Amino acid sequence: MSRRKIAALTTLVALALVAAIGWFMLHPGMLPSSPASSTVTATTQTINRGEYLARAGDCVACHTAPGRKEFAGGRAMATPFGNLYVPNITPDEATGIGEWSADEFYRMMHSGVSRDGSLLYPAMPFASYTKVTRDDSDAIFAYLMSVPPVHQPNRPHELRFPFNNRDLLLGWRALYFKEGEYVSDPQQTAQWNRGAYLVQGLGHCAMCHTAINALGGSSESKAFEGGMIPNQNWYAPSLTSNREAGLGNWSIKDITDLLQVGVSHRGTVYGPMAEVVYNSLQYLSDEDVEAMAVYLKALPQRDQEVLPSSERLVSPAVMELGRKTYEQQCAMCHGREGAGMPPQYPPLANNQSITMSSPVNSIRMVLNGGYPPGTRKNPRPHGMPPFSHILGDDEVAAVVTYIRVAWGNTGTPVTTAQANELRKLLPE
Amino acid sequence: MHRVCRKLLRETILAPVIAIAMLAPVRAQAPTVPSFEKLDSMEARVQGCVTCHGQSGQGTDNGYFPRIAGKPARYLYNQLVAFRDKTREYPPMNYLVAYLPDSYLQDIAEHFAQLRPAFAAETTPMTDKAALARGEAIATVGDPGKLIPACVTCHGTGLTGMEPGIPGLVGLRSAYIVAQLTRWRVGDRHAVEPDCMKRIATRLSEADIAAVAGWLSSRRPPRDPSPESANLVRMPLACGSQGQG
């Protein structure tokens, strides 16, 4: 056999091998059936712990359609690739996960592979849940098995071609998925490690606070650097920049207040983060929230890049319109000097969420107003009214510009076009 | 005067005076500008409502935002829960109350239910005499031929509503009434089953809706705009929101 033929043959064999491995990875199949599931003998303690962990993972937020039965799925999740319909995870045998085993549940959490061997779309945050321990996964499973079963068939996804082909997920997984339980960092305290475990794992904070690219992936090197939340028109600020939601110079108390109470002396949660606090974080123990705060505060902070003053120049006419609008509509609650009445009305002076590079959230707040979530520690929050029907785009842009540059704030001006774009995007 | 005394006087008397003086121009502004007296109060908490519904829930010049003051607390609570759970769809409201618990929505409902602000001045009434007459007929005697009961049977002779779940209609603008009846008719708005308003709205034509909305919006409030007591009368149709089901 000539050398060339041997080389060709070797290449063929190698290709076949790669194809076989690829096929296996794409279609891992069902797990061998395991001995009877132990969940029916789960103790009250385990089920309670599972419920707590399910709260930490905020399962209910996506797996419950508005006004429908908990965990029965059916909620439409808009993605840039089409609508996903979240599945039923109640223990109904026919339409839920009633026939799953704890092994199968762990494989789904850990590897993003469903019971029948199909690959999950990464709207399910398995890239975060892979950090969850087997023990915690078993407890969550025991809890889900204990909730009332709901008979509700899953609705098929409505993804556009080519995203409706799950085999493409192999590429996504190769690029963006690193499987593996959380590994403690022995250089850090037990508290820091607990916080890291919750933030990186069940909390799946990276789903929003790490920018998503055109392939729906987020790269690890950009972890927690912030980004627009697809289809929601809110900006999830960077957790690694003190110019955004970096918490490097916050007190631990302010961080735990923000996460668990929903309001703090430094800022308040609205929009998607209000949902997270409402459904999940308010239920976490003081110890766990403090651990998260310790970890978040210690995240490495990028340099504080203050933009040159030339980019912060505002025309006197805009500044004057902004000041007039502010004094008329905003000063009553936020104070003439932007000090607010924290924690009920957040300060605007020296507030990172006002000055960060993306003005989207500030413009949205002026247009639509907002209430922080009603939580166990703040059941009756103070709210802000919408101004979209009172202020024109020029006034919205001027007043947002004003609060971004007044009182020593180091933000940049926003344009009338930016205000107009958000007004058109948001239903009125 | 002694220096300490002067200082005391300045701090105890002058400071509040200055504070009030600073607040006064703000409070004197339009009823839709945020304003309150005490931070730890329902008045301050519901500032999120005022640019659309007015400081006391009296409504605003914008005809689409309804007066909510004085409506029965149960009715307001039902609406707030429906907005939160998206069984009543109106995106700005769905967004605002999305993460508020039942107990707080109850407090908000009770807050506005007990307010009795003045009614807005009369707006330009509908000029179409025939339509006004048709509207008055529907509202006061109904249309037996179309199985439409009179509005006043359930919404009260003074159109101020009925405890616990039927809203007052007096003080609402035509645009809002037309929009709500139309939404009911096409199935966008629902109430607790049995949904009496759905049965009624589907029996009304578009012209009927315009006529009855025009007439209702021309009504002036009675001296006491409070809702009538619960179920003093037997209602011609069963309504889930009155606890009949």
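The values are calculated or read from the model by the stated rules, or taken from the named source; none is laboratory data. Since this is a predicted model, take the numbers as computed values, not measurements. Note that we place each Cβ from the backbone using ideal geometry, even for glycine, and neighbour counts take in every protein chain shown.
Checking A:Met207 against (1) under 30 Å from A:Thr95 (Cβ atoms); (2) part of a helix (DSSP H, G or I); (3) in the same structural domain as A:Gly82 (by TED's automatic domain parsing), which test does it fail?
Of everything listed in (1) under 30 Å from A:Thr95 (Cβ atoms); (2) part of a helix (DSSP H, G or I); (3) in the same structural domain as A:Gly82 (by TED's automatic domain parsing), A:Met207 misses just condition (3).
Let's see how each residue does on (1) charged (D, E, K, R); (2) under 20 Å from B:Arg219 (Cα atoms):
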site	(1), (2)
B:Cys52	no, no
B:Ser56	no, no
B:Ile68	no, yes
B:Leu80	no, no
B:Asp102	yes, no
B:Gln106	no, no
B:Glu110	yes, no
B:Thr140	no, yes
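Given the criterion within 30 Å of A:Leu284 (Cβ to Cβ) and modelled with pLDDT under 75, identify the matching residue among A:Ser114, A:Ser37, A:Ser101, A:Ser2.
A:Ser37
Restricting attention to segment A:44-68, which residues are closer than 23 Å to A:Gln260 by Cβ, within 12 Å of chain B (Cβ to nearest Cβ) and of a type outside the set (A, V, I, L, M)?
A:Thr64 - this is the single residue of segment A:44-68 that is closer than 23 Å to A:Gln260 by Cβ, within 12 Å of chain B (Cβ to nearest Cβ) and of a type outside the set (A, V, I, L, M).
Looking at segment A:279-332, which of its residues are assigned to a helix (DSSP H, G or I), under 30 Å from A:Ala54 (Cβ atoms) and within 14 Å of chain B (Cβ to nearest Cβ)?
A:Asn279, A:Leu281, A:Gln282, A:Tyr283
If a residue has to be facing chain A (nearest Cβ under 7 Å), out of contact with any strand residue (DSSP E or B) (no Cβ under 8 Å at 6 or more places or on another chain) and not aliphatic (A, V, I, L, M) to count, how many in segment B:35-49 make the cut?
Counting residues in segment B:35-49 that are facing chain A (nearest Cβ under 7 Å), out of contact with any strand residue (DSSP E or B) (no Cβ under 8 Å at 6 or more places or on another chain) and not aliphatic (A, V, I, L, M) gives 3.
Could you tell me whether any residue of segment A:376-387 is within 11 Å of chain B (Cβ to nearest Cβ) and either of a type in the set (Asp, Glu) or assigned to a strand (DSSP E or B) (or both)?
yes
So A:Gly338 fits all but one of (1) within 14 Å of chain B (Cβ to nearest Cβ); (2) part of a loop (DSSP other than H, G, I, E, B); (3) more than 27 Å from the chain's Cα centre (by Cα); (4) crowded, with 21+ Cβ neighbours inside 10 Å; what number is the exception?
Single failed check for A:Gly338: (1).
Specify the residue that is nearest to the other protein chains (Cβ to nearest Cβ); the eligible residues are those in segment A:413-428 that are surrounded by 16 or more Cβ atoms within 10 Å (Cβ to Cβ) and in a loop (DSSP other than H, G, I, E, B).
Selected residue: A:Leu426.
From the residues in segment A:344-364 that are buried (at least 21 other Cβ atoms within 10 Å of the Cβ) and within 11 Å of another protein chain (Cβ to nearest Cβ), which one is nearest to the chain's Cα centre (by Cα)?
A:Arg364
With the requirement that a residue be assigned to a loop (DSSP other than H, G, I, E, B) and touching a Ser or Thr at 6+ places or on another chain (Cβ under 9 Å), what does segment A:89-123 give you?
Matches in segment A:89-123: A:Pro91, A:Gly96, A:Ile97, A:Gly98, A:Trp100, A:Ser101, A:Gly112, A:Arg115, A:Leu120, A:Tyr121, A:Ala123.
Just checking, does segment A:367-374 include any residue being in a loop (DSSP other than H, G, I, E, B) and more than 21 Å from B:Val33 (Cα to Cα)?
Yes, some residue in segment A:367-374 is in a loop (DSSP other than H, G, I, E, B) and more than 21 Å from B:Val33 (Cα to Cα).
Does any residue in segment B:103-115 that is small (Gly, Ala, Ser) come within less than 7 Å, Cβ to Cβ, of a residue that is assigned to a helix (DSSP H, G or I) six or more places away or on a different chain, and which pairs are these?
Pairs that qualify, where the first residue is small (Gly, Ala, Ser) and the partner is assigned to a helix (DSSP H, G or I), are B:Ala109/B:Ala73; B:Ala109/B:Leu76; B:Ala109/B:Tyr77; B:Ala109/B:Leu80; B:Ala113/B:Ala73; B:Ala113/B:Leu76.
Could you tell me how many of the residues in segment B:94-145 are within 22 Å of B:Asn62 (Cα to Cα) and among the polar types (S, T, N, Q)?
Total satisfying the criteria: 4.
Among the helices (runs of 4 or more DSSP H) lying completely within segment B:53-158, list those that include at least 1 residues that are loosely packed, with under 15 Cβ neighbours inside 10 Å and within 14 Å of another protein chain (Cβ to nearest Cβ).
B:91-96, B:102-113
Run down A:Pro186, A:Pro156 and say which single residue is without any contact (Cβ under 8 Å) to a residue 40 or more places away in the chain and at negative phi.
A:Pro186
For segment A:69-88, what are the residues that are assigned to a loop (DSSP other than H, G, I, E, B) and either free of Cβ contacts under 8 Å to residues at least 60 places away in the same chain or more than 14 Å from chain B (Cβ to nearest Cβ) (or both)?
A:Phe71, A:Ala72, A:Arg75, A:Pro80, A:Phe81, A:Val86, A:Pro87, A:Asn88, listed by residue number.
When the residues of segment B:228-242 are narrowed to those that are exposed (fewer than 15 other Cβ atoms within 10 Å of the Cβ) and aliphatic (A, V, I, L, M), which ends up modelled with the highest pLDDT?
For segment B:228-242, the residue satisfying everything is B:Ala238.
Of all residues in segment A:113-126, count the ones that are in contact with a Lys or Arg (Cβ under 9 Å, 6 or more places away or on another chain) and either among the acidic types (Asp, Glu) or closer than 19 Å to A:Ala102 by Cα (or both).
Looking only at that region, the number is 6.
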